[in-house]
Every structure is written in structure tokens, then in C-alpha cells.
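S.K.: Starting off with a structure, shown below.
Just so you know, all these numbers are worked out from the coordinates, no wet-lab data involved. All of these numbers come straight from a predicted model, not from anything done at the bench. Reconstructed Cβ throughout: ideal geometry from the backbone, glycine too, with neighbour counts over all protein chains shown.
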Ligand SMILES: [Mn+2]
């Protein structure tokens, strides 16, 4: 099987981005966004989703992290869509429950072609994690889901520590996405009775 690769360069007045995804990878990441905690999350996403990920982001961090995080999500979603191509042969559905100490997050992904995000991860205590604003997390996932053409449900089952909760969310989404995008040799063509995803 030829590796499924998607790449995008995206430049606006706010960010300049290169994102490359190899879906059938080994979890190797080369990530530089200028936001340490966000790099940590993207590296965890690659490792636990077993995809190879390159991210080079130069954003307007003198404003704040918002444009960089959201635009990285847009580019990552676009790269995933490109890597998926016509979506033939995939399992389509995937889910994962991932704990990190007291935090437990559930992710369910449908590679549906119908972009929708249900996000119910309420972090009671707002805080910055280094230069990363925890409230940017739904902005990132919304951007990925809309641009990749996924349906995703992310729910916090329980948790307290914002670092743990956000990290469990990235890992759960990674595992669910890996399962949903993996190839099942029994699947003939596109897994939809409609004939297209
Ligand atoms: Mn961590």
C-alpha cells in the first residue's frame, strides 16, 4: 500500500504554516509552533495516533496563541483530508477512552464527510499552561474536524487538572482517529451505503 500522505502550506497575515501528515506512520513528530505545551500535545497526538507529523508554524505570538493554534488545526485537518483521499477501505468509525491520572476523556470519530464537533470538556479552572491557553483546546479540535470532514464527540468523563484533561483529550482523539482511518482489508471501496464520504 502506498503511504497516505497529506501536506499543506498555508500563509495568512497571521500565520505561516507547513503541516505534513503520514497516516500510516510510526508516531514520529517534528513539531515547532513556538508554544511549548502545544508542541507537547501535537507530539502526543502523533505518538498515540501512530501518524508521522511535521508542523512548522510561525504565528503572531506577540498577539497571543489563538491564531497559531486555530490555524494549525485548520492546516492539520486539511492535511488529514488530503491524506485520506477518497476514503476507500477505511474502518470509518473509531473510539477511545484515555485516562491520565484522575482525568478520563472519551473520543468517538466518524470519518463521515459531515463535519460536526460535539465538545463537552468543561475545564472548571481556567489557566495558562506555559504559553498555552487551555480554552484554545476546543478551537483547535473544531478546526481539525471541520477541515478534515470528521464527526467527532469529545467528552470529559471526569478530571480536575487542566494539563491532564487537555493531554487526555489529544491522546483520546489520536487513538480514535487512528482506529477510524485505519485500513480494513474486508472493506470494499468507500464504507457508505451512499457510495461516497
Ligand atoms: Mn504532559
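S.K.: Mind giving me the FRET efficiency for residue 7 and residue 28? R0 is 22 Å, r the Cβ-Cβ distance, nearest 0.05 is fine.
M.R.: 0.90
S.K.: Still on this model: So how long is each side of the chain along the principal axes, counting just the alpha-carbon atoms, biggest first, in Å?
M.R.: Per principal axis, max minus min of the Cα coordinates gives 47, 38, 27 Å.
S.K.: Follow-up question, since we're still on this one. Using Cα pairs closer than 8 Å and at least 6 residues apart in sequence, work out the relative contact order for the chain, in percent.
M.R.: On the way: 498 pairs, mean separation 52.2, N = 197.
It comes to 26 percent, rounded to a whole number.
S.K.: Using Cα atoms only, what is the angle between the long axis of helix 36-49 and the major principal axis of the chain, expressed in degrees (0 to 90) to the nearest 10?
M.R.: Between helix and principal axis, roughly 20 degrees.
S.K.: If I model a spin label at residue 127 and residue 97 as a point 7 Å from the Cα along the Cα→Cβ vector, what separation in nanometres do I get?
M.R.: That separation, rounded to one decimal, is 2.6 nm.
S.K.: Could you work out how far helix 66-84 tilts from the main Cα principal axis of the chain, as a 0 to 90 degree angle to the nearest 10?
M.R.: It is inclined by approximately 10 degrees.
S.K.: For the pair residue 66/residue 118, report the inter-label distance in nm, with labels modelled 7 Å from Cα in the Cβ direction.
M.R.: 2.8 nm
S.K.: Report, in degrees rounded to the nearest 10, the 0 to 90 angle that the Cα long axis of helix 137-148 makes with the longest principal axis of the chain.
M.R.: Roughly 30 degrees between the two axes.
S.K.: Please give the length that would be gained between residue 88 and residue 157 if that part of the chain were fully extended, namely 0.36 nm times their separation in residues minus their C-alpha to C-alpha distance (nm, one decimal).
M.R.: On the way: separation 69, 0.36 × 69 = 24.84 nm, distance 3.26 nm.
Extra length available between residue 88 and residue 157 comes to 21.6 nm.
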